Amino acid sequence: MKLYTRRGDDGTTDLIGGRRVSKDSLRIEACGTVDELNAAVGMIRIACEHRQIDKPLEIAQRQLFEIGASLAKPEALEEPATGKIPRMDDSHVRETEQFIDQLSEPLPPMKHFVLPGGSELSARLHLARAVCRRAERVCVTLAGQESINPHILIYLNRLSDLLFAAARRANQLDSVSDVPWLGEDQIDPA
C-alpha cells in the first residue's frame with residue numbers, strides 16, 4: 001500500500017468511519033493540534049533524562065493518541081465502548097493529578113509567575129504547555145458546536161498543569177532556577 005492516496009488533494013479528509021470533511025474543519029483542527037502536542041511531548045522525551053518526568057509523558061503520549069482517535073470518530077460517544085478506541089474518563093484525569101502532585105511536592109512554593117525557560121528541558125516543557133492550552137481552546141470551541149467526550153477537555157486542562165509542574169521540576173533537577181517574571185520595572189536596561 002502506498003503512503004499517498006491522492007484522496008486529500010481536494011482539501012478533504014476522512015474521519016474514522018469514512019465521513020469526508022474539509023481539512024480546515026474545526027474537528028480536524030482539534031485533531032491536528034492534539035497531534036502537534038503529542039509531537040512536542042515526543043521532543044521533550046528525547047531530551048529528558050529524569051524518569052519521574054518521562055514516565056507521565058510516556059503515558060500522556062498514548063492518551064493524546066487516543067484523544068486524537070476519539071476526536072476523529074465523532075459517533076464514538078454513541079457507540080458502546082469496544083476497546084478499539086479507548087475512551088478518556090475520570091481515571092485518566094485522576095492519574096494525571098497524581099503525577100502533578102508527585103512532581104510538585106519537592107518544589108518550593110511559587111512567589112512569582114515564571115517565564116518559560118531555565119533549562120532546555122524546562123523550555124521544551126513550557127512550549128508543550130502552550131501547545132496544550134491551544135489544543136484545549138480548540139477542543140472547547142469544538143465542544144460548543146459538536147459532541148465530544150467532556151473528559152477530553154478536563155484531561156487537556158490537567159495535562160497543561162502537568163507540563164507546568166514538570167517544567168519547574170526539570171529546572172530543580174537540573175539545578176537551574178525558574179525564571180521569575182518580575183514586571184517591567186524589574187528589567188535590566190543593559
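The values are calculated or read from the model by the stated rules, or taken from the named source; none is laboratory data. Quantities reported herein were computed from a predicted structural model and do not represent experimental measurements. Neighbour counts run over all protein chains shown; Cβ positions are idealised from the backbone, glycine included.
Structure values in brief
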| read-out | value |
| --- | --- |
| Enumeration of residues in the stretch 128-159 that are within 14 Å of E36 (Cβ to Cβ) and either surrounded by 22 or more Cβ atoms within 10 Å (Cβ to Cβ) or not hydrophobic (A, V, I, L, M, F, W, C) (or both) | A128, R129, C132, R133, R134, A135, E136, R137, C139, L156, L159 |
| R62 at pLDDT below 90 and closer than 24 Å to S160 by Cα | no |
| Restricting the stretch 1-24 to residues that are more than 22 Å from I67 (Cβ to Cβ) and in a loop (DSSP other than H, G, I, E, B), the residue that is modelled with the lowest pLDDT | M1 |
| Residue tally, condition under 17 Å from the mean Cα position of the chain (by Cα) and more than 18 Å from N149 (Cβ to Cβ), over the stretch 1-31 | 0 |
| In the stretch 45-59, the residues that are of a type in the set (A, V, I, L, M) and either without any contact (Cβ under 8 Å) to a residue 60 or more places away in the chain or touching a Leu at 6+ places or on another chain (Cβ under 6 Å) (or both) | I46, A47, I59 |
| The stretch 160-182: number of residues that are crowded, with 17+ Cβ neighbours inside 10 Å and either under 15 Å from A30 (Cα atoms) or hydroxyl-bearing (S, T, Y) (or both) | 1 |
| Meets criteria (exposed (fewer than 15 other Cβ atoms within 10 Å of the Cβ), modelled with pLDDT of 95 or more and assigned to a helix (DSSP H, G or I)) for E75 | no |
| Residue match in the stretch 88-106 (condition: more than 22 Å from I59 (Cβ to Cβ) and either out of contact with any strand residue (DSSP E or B) (no Cβ under 9 Å at 6 or more places or on another chain) or at pLDDT 95 or above (or both)) | no |
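Okay, residues lined up against (1) in a loop (DSSP other than H, G, I, E, B); (2) farther than 25 Å from C139 by Cα:
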{"position": "I59", "(1), (2)": "no, no"}
{"position": "F65", "(1), (2)": "no, no"}
{"position": "P86", "(1), (2)": "yes, no"}
{"position": "M110", "(1), (2)": "yes, yes"}
